[in-house]
Amino acid sequence: MSDTTRDRSGGCMCGAVRFTARDVPATCGVCHCEMCRRWTGSALIEVSVPTENVTWEDETYLGRFASSHWAERGFCTRCGTGLFFRVTMEGEWFGSTELPIGVFDDPNGFEIAHQIFIDHKPDSFAYSGQETHTLLTRAECVAKFSVLDEDAPVG
């Protein structure tokens, strides 16, 4: 699996919100939690980039939604495209922006490294190479990341 990074550009469906991300890793992750499934209509397949490495060209149509007491999701207020997930509370995930790979102009070249909330994955989903992915259940995620609450909705 490659850890090569490169700069990538992307944006929303209507083109109102554009971004450039520097040093984007070649590995990505998949989240199967209920909130990510509802937000994307599927699983969130994302790449984690330091927040300071993401530059928005024009934030006029960039909306933000506090999806929990510790995280926010960004979207285009014109077309509704989901653009990022970001932890807002200091802790393990703070300081990075999770960008769905589908919003990149070229979404190719990523390899899945991990899947979280694997016990919430719909039974019809299958990813090649899963035997090499790090797989965490909801309970394992709650135990590993202190911002998560056992009883609260995730993200």
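The values are calculated or read from the model by the stated rules, or taken from the named source; none is laboratory data. Predicted model, so just to flag it, every value in this text is computed and none were measured. All Cβ positions, even for glycine, are placed from backbone atoms using ideal geometry, and neighbour counts span all protein chains on display. Surface areas here come from the heavy atoms of the whole protein model, side chains and all, with no ligands, DNA or RNA. Shrake-Rupley method; radii C 1.70, N 1.55, O 1.52, S 1.80 Å.
Please list, ordered by chain and number, the residues whose modelled amide H lies under 5 Å from the amide H of T77; skip anything fewer than 5 residues away on the same chain.
L62, G63
Can you show me the helix-derived [θ] at 222 nm for the chain, built from DSSP H runs with n ≥ 4 at -39,500 (n - 2.57) apiece and divided by the number of residues, rounded to the nearest 500. Please list the in-between numbers first.
Details: 2 runs with 14 residues, N = 155.
So the calculated ellipticity at 222 nm is -2500 deg cm²/dmol.
If you roll a 1.4 Å probe over the heavy atoms of the protein chains, what accessible area per residue do you get for region 89-151, in Å²?
Values: 3620 Å² over 63 residues.
Ligands and nucleic acids excluded, the result is 58 Å² per residue.
Provide Rg and Dmax in Å for region 9-155, with only Cα atoms included in the calculation.
Rg then Dmax for region 9-155, in Å: 14.8, 43.
Roughly how big is the chain's charge dipole about its Cα centre, with Cβ charges of +1 (Lys, Arg) and -1 (Asp, Glu), in debye to the nearest 20?
Numbers: 13 positive and 23 negative charges, 83 e Å.
So the magnitude is around 400 debye.
Rounded to the nearest 5, what % of DSSP beta bridges with both residues in region 9-155 are antiparallel? List each step's numbers first, then the result.
Numbers: 27 of 35 bridges.
Around 75 percent of the beta bridges assigned by DSSP in region 9-155 are antiparallel ones.
Would you work out what percent of the accessible area of region 1-121, with all protein chains in place, is carbon or sulfur (probe 1.4 Å)? Each step should come with its number before you reach the end.
Working: 2780 of 5750 Å².
Here it works out to 48 percent.
Can you work out the Karplus-derived ³J(HN,Hα) for every residue in region 120-130? Use 6.51 cos²θ - 1.76 cosθ + 1.60 with θ = phi - 60°, whole Hz, and x for glycine or proline.
Using θ = phi - 60°, the values come out as 10, 5, x, 5, 8, 8, 9, 10, 5, x, 4 Hz.
Find the centroid of the Cα atoms in region 107-126 and in region 1-57, then give the distance between the two in whole Å.
14
Take the Cα radius of gyration of region 50-94 and divide it by 2.2 N^0.38 Å, with N its residue count; two decimals is plenty.
Values: Rg = 11.1 Å, N = 45, 2.2 N^0.38 = 9.3 Å.
Output field value: 1.19.
Can you give me the three principal axis dimensions of region 94-144 from its C-alpha atoms, in Å, biggest first?
Cα extents, longest axis first: 35, 30, 19 Å.
Which longest run of the chain has no exposed loop site in it, a site being GluC sites (Glu not before Pro) in a DSSP loop with at most 14 other beta carbons within 10 Å, and the site itself not part of the run?
Values: sites that count: E57, E59, E90, E92, E150.
The longest such stretch corresponds to 93-149.
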